[in-house]
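J.: Handing you a structure now.
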Amino acid sequence: MNIPRKRAPTIRDVALAAGVSTATVSKFVNASQRFSVEVEARISQAVTQLGWSLNPMARGMNTGLTGNVGIVLQDIRNPHFTSMVKGAAREAAKVQMNLIVADAAETREPELAVLKALSRRVDGLIVSARLPPPVIEALLAGSTPVVFYGGPSPDAAHHSVCCDSYQAGRILGRHLRDRGYRRISYIAFPTARWSDERWQGVQQAFQGQDAQFTQFEATAPVSEEGERLASVVLLSGEMPDAVVAFNDLLALGLMAEARALGVQVPGQVAIAGFDNIAYGRFCSPALTSVDMMSEAVGEVAMRRLVQAIQGTRGSEVDVLTSRLVVRESTAVSS
């Protein structure tokens, strides 16, 4: 017995149900034009009730766009970056765009060929402002819209989304200063220029105080480096009374190895980091950190990228406000 198939809904069905033209439906779902709240609500309701979705291939033929956007992460294992993806994916879904994720794996020279290949598959890219200059130059020389995250854009023509790393360092430095810490060590990641900005902010918070500062350098911003540097940072010369790490992964690695070395945290040394990744809440002691608004950075960057693809946004810098999250790792012993 032949059972008749139910016809798939079309854009015309959506337009008829919403009482608008097919052109209006197309502009709405492609986010190329805004309409009144009432009209957009009717279209959304019609799309949901009919179970209609715009065919990406058809959209590409009509607009010349792929319907894909890309984000290049420095290290997909770092929860800071996966939170960024979460925010970016949520914004991409609102305009029915597919998000493609690429991992640069914290290498000093990411495969330029991979990035070039990705740029041909997407309508726009979100990338780190600390990619090597040759890679950034190649990206900027192309026609694919680019939005940078983590720091200011390398040029005045592209948008960027970040937190103020200097200010983030200052608020953490003030916290340590107010709790009486005066011998401060920093585990830096020199490849990232905002590593130095964070350290400068920490030091500025101690102006007028009799404080001592020491810097150590990590070869990668990962927990294994925090473990490797622990004996050097904690046991060579006078022990610091507080250690600030470039990010939470370094801080967590340092804290784990400190325990193995018999160094009490925070009894003998306080430890803090940046990013406020989820792991920091669940370790013991819980890690004090500066929240660099990872998920919000992803959201705003994707919003700006969609605007750049549509040609409705110029070059600007969105500076989000970081916040200090105080936990047990910087508590003062009674």
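The values are calculated or read from the model by the stated rules, or taken from the named source; none is laboratory data. The model shown is predicted, which means the values in this text are computed figures rather than measured ones. Positions of Cβ are generated from backbone atoms using ideal geometry, with glycine treated the same way; all protein chains shown enter the neighbour counts. SASA here: full protein model, heavy atoms, side chains in, ligands and nucleic acids out. Shrake-Rupley method; radii C 1.70, N 1.55, O 1.52, S 1.80 Å.
J.: Over what distance in Å are the Cα centres of the range 253-276 and the range 127-173 separated?
T.: Going from one Cα centre to the other spans 31 Å.
J.: Evaluate the distance, in nm, between pseudo-label points positioned 7 Å from the Cα of residue 39 and of residue 174 along their respective Cα→Cβ axes.
T.: It is 4.7 nm.
J.: Further, regarding this structure: Return the long-range amide H neighbours of residue 325 (sequence gap of 5 or more, or a different chain), with a cut-off of under 5 Å between placed amide H atoms.
T.: 289, 290, 291
J.: Can you tell me the order of 179-188, 239-248, 165-174 when each peptide is scored by its average per-residue count of other Cβ atoms within 10 angstrom, highest first?
T.: By packing density, highest mean first, the sequence is 239-248, 165-174, 179-188.
J.: Could you work out the relative contact order of the chain, using alpha carbon pairs under 8 angstrom and six or more residues apart, expressed as a whole percent?
T.: Relative contact order, the chain: 17 percent.
J.: Can you give the accessible area per residue of the chain, in Å², using a 1.4 Å probe?
T.: On a per-residue basis, the chain sits at 48 Å².
J.: Next up: Calculate, in nm to one decimal, what residue 317 and residue 264 gain on full extension: separation in residues at 0.36 nm each, minus their alpha carbon distance.
T.: Difference between extended and current length: 14.9 nm.
J.: Further question on the same structure: Where the accessible area of the chain is counted over protein heavy atoms with a 1.4 Å probe, how much of it, in %, is carbon and sulfur?
T.: Roughly 51 percent of what the probe reaches on the chain is carbon or sulfur.
J.: Let me have the 222 nm mean residue ellipticity of the chain computed from DSSP H runs of 4+ only, each contributing -39500 (n - 2.57), with the sum over all residues rounded to the nearest 500.
T.: Helices in the chain give a 222 nm mean residue ellipticity of -13000 deg cm²/dmol.
J.: For the range 189-276, rounded, prolate or oblate, judged on the Cα gyration tensor with a ≥ b ≥ c (square roots of eigenvalues), a/c < 1.5 rounded, else prolate if a/b > b/c?
T.: Cα axes put the range 189-276 in the oblate bin.
J.: Just to check I understand the Karplus step: with θ = phi - 60° and J = 6.51 cos²θ - 1.76 cosθ + 1.60, what whole-Hz values come out for the range 202-217, glycine and proline as x?
T.: Computed from phi, the couplings for the range 202-217 are 4, 5, 4, 5, 9, 4, x, 9, 7, 10, 10, 10, 9, 10, 10, 10 Hz.
J.: Taking R0 as 45 Å, what FRET efficiency do you get between residue 328 and residue 22 from their Cβ-Cβ distance, rounded to the nearest 0.05?
T.: Efficiency for this residue pair is about 0.15.
J.: For the residue pair residue 93 and residue 76, what label-to-label distance in nm results when each label sits 7 Å from Cα along the Cα-to-beta-carbon direction?
T.: 1.9
J.: Okay, next question. Sort 193-204, 10-21 for me by packing, meaning the mean count of neighbouring Cβ atoms within 10 Å per residue, highest on top.
T.: Those peptides, ordered most packed to least, come out 193-204, 10-21.
J.: Convert each backbone phi in the range 263-275 into a coupling constant with the Karplus relation 6.51 cos²θ - 1.76 cosθ + 1.60 (shift: θ = phi - 60°), then list the ³J(HN,Hα) values in order as whole Hz, x for Gly and Pro.
T.: Coupling constants for the range 263-275: 9, 7, 10, x, x, 9, 8, 8, 9, 8, x, 10, 2 Hz.
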